[in-house]
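Everything below concerns the one structure shown next.
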Amino acid sequence: MLTLPDNGRHVTLLLGGARSGKSRIGETLVSKANGSSLYLATAEARDDEMSDRIHHHQIRRGEGWSLIEEPIELARILKTNIGPEHVVLVDCLTLWLSNLLERELDVRTALEDLLAALQATRARVVLISNEVGLGIVPDNPLARHFRDEAGFMHQKIAAIADQVAFVVAGLPLMLKQSALQP
């Protein structure tokens, strides 16, 4: 069962396909937890479809959430803007990865910085990410590179996460669950 402790560092990774319900589950986890709900958004509204998706998430979340929009510097935000009173939803890591690749930034260094920030934070953090490696092998080098980097990212974050769930049809399947920290 997915749950967050009342306080202390805790990292949850929710993986799933598009429209699997992972963001809704993450939002519910964060909103039910004691603390200040903070949405750390990596998406950029570059077209009408993405604007509509962002708007849909905002309506579903409702009131009571703080928002930080940051497409690249997740580690810096976690280190400088997040305290133990926060319960953070990062949505989503695969968009963050896309942003890094598009800007031709060093993905491995950015991931190592994020891992260090997640291990150092005193907040409860829920990370949303798309599992993209279950389908056919993409037909172009960029898509294959993205798929591979996403897979490496998920493995590394899952290794340090306290709990990991795969979301299908709105239902979380627990992959990893550590004892809740005090």
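Remarks
- Looking across segment 43-60, the residues that are surrounded by 11 or more Cβ atoms within 10 Å (Cβ to Cβ) and either under 24 Å from LEU105 (Cβ atoms) or aliphatic (A, V, I, L, M) (or both) come down to ALA43, GLU44, ALA45, MET50, ARG53, ILE54.
- Among the residues listed as ALA75, ALA117, ALA43, ALA18, the single one being under 27 Å from MET174 (Cα atoms), touching a helix residue (DSSP H, G or I) at 6+ places or on another chain (Cβ under 6 Å) and modelled with pLDDT under 95: ALA43
- Subset of segment 123-144 that is at pLDDT 95 or above and of a type in the set (D, E, K, R) - its residue that is surrounded by the most Cβ atoms within 10 Å (Cβ to Cβ): ARG124
- Residue match in segment 75-88 (condition: crowded, with 19+ Cβ neighbours inside 10 Å and closer than 24 Å to LEU142 by Cα): no
- Boolean, LEU100 is open to solvent by less than 30 Å² (accessible area, probe 1.4 Å), of a type outside the set (Ser, Thr, Tyr), in contact with a Phe, Trp or Tyr (Cβ under 6 Å, 6 or more places away or on another chain) and within 20 Å of GLN155 (Cα to Cα): no
- Selection from segment 16-41 of residues that are charged (D, E, K, R) and either more than 12 Å from the chain's Cα centre (by Cα) or farther than 16 Å from SER66 by Cα (or both): ARG19, LYS22, ARG24, LYS32
- Scanning segment 10-22 for residues that are open to solvent by 10 Å² or more (accessible area, probe 1.4 Å) and assigned to a strand (DSSP E or B) turns up at least one hit.
- Options THR94, THR109: the member that is without any contact (Cβ under 8 Å) to a residue 60 or more places away in the chain, among the hydroxyl-bearing types (Ser, Thr, Tyr) and open to solvent by 60 Å² or more (accessible area, probe 1.4 Å): THR109
- Checking GLU63 against (1) in a loop (DSSP other than H, G, I, E, B); (2) open to solvent by less than 30 Å² (accessible area, probe 1.4 Å), the condition it does not meet: (2)
- The residues on offer are LEU95, LEU2, LEU101, and the sole one that is in contact with a helix residue (DSSP H, G or I) (Cβ under 8 Å, 6 or more places away or on another chain) and at pLDDT 95 or above is LEU101.
- When SER31 is tested against (1) of a type in the set (Ser, Thr, Tyr); (2) in a helix (DSSP H, G or I); (3) touching a helix residue (DSSP H, G or I) at 6+ places or on another chain (Cβ under 7 Å), exactly one condition is not met: (3).
- Odd one out for VAL88, checked against (1) of a type outside the set (Asp, Glu); (2) out of contact with any Lys or Arg (no Cβ under 8 Å at 6 or more places or on another chain); (3) closer than 17 Å to VAL11 by Cα: (2)
The values are calculated or read from the model by the stated rules, or taken from the named source; none is laboratory data. What you are looking at is a predicted structure, and each value in this text was computed from that prediction instead of being measured. With ideal geometry, Cβ positions are generated from the backbone for all residues, glycine too; neighbour counts draw on all protein chains shown. Ligands, DNA and RNA are excluded from the accessible area calculation, which covers all protein heavy atoms including side chains. Shrake-Rupley method; radii C 1.70, N 1.55, O 1.52, S 1.80 Å.
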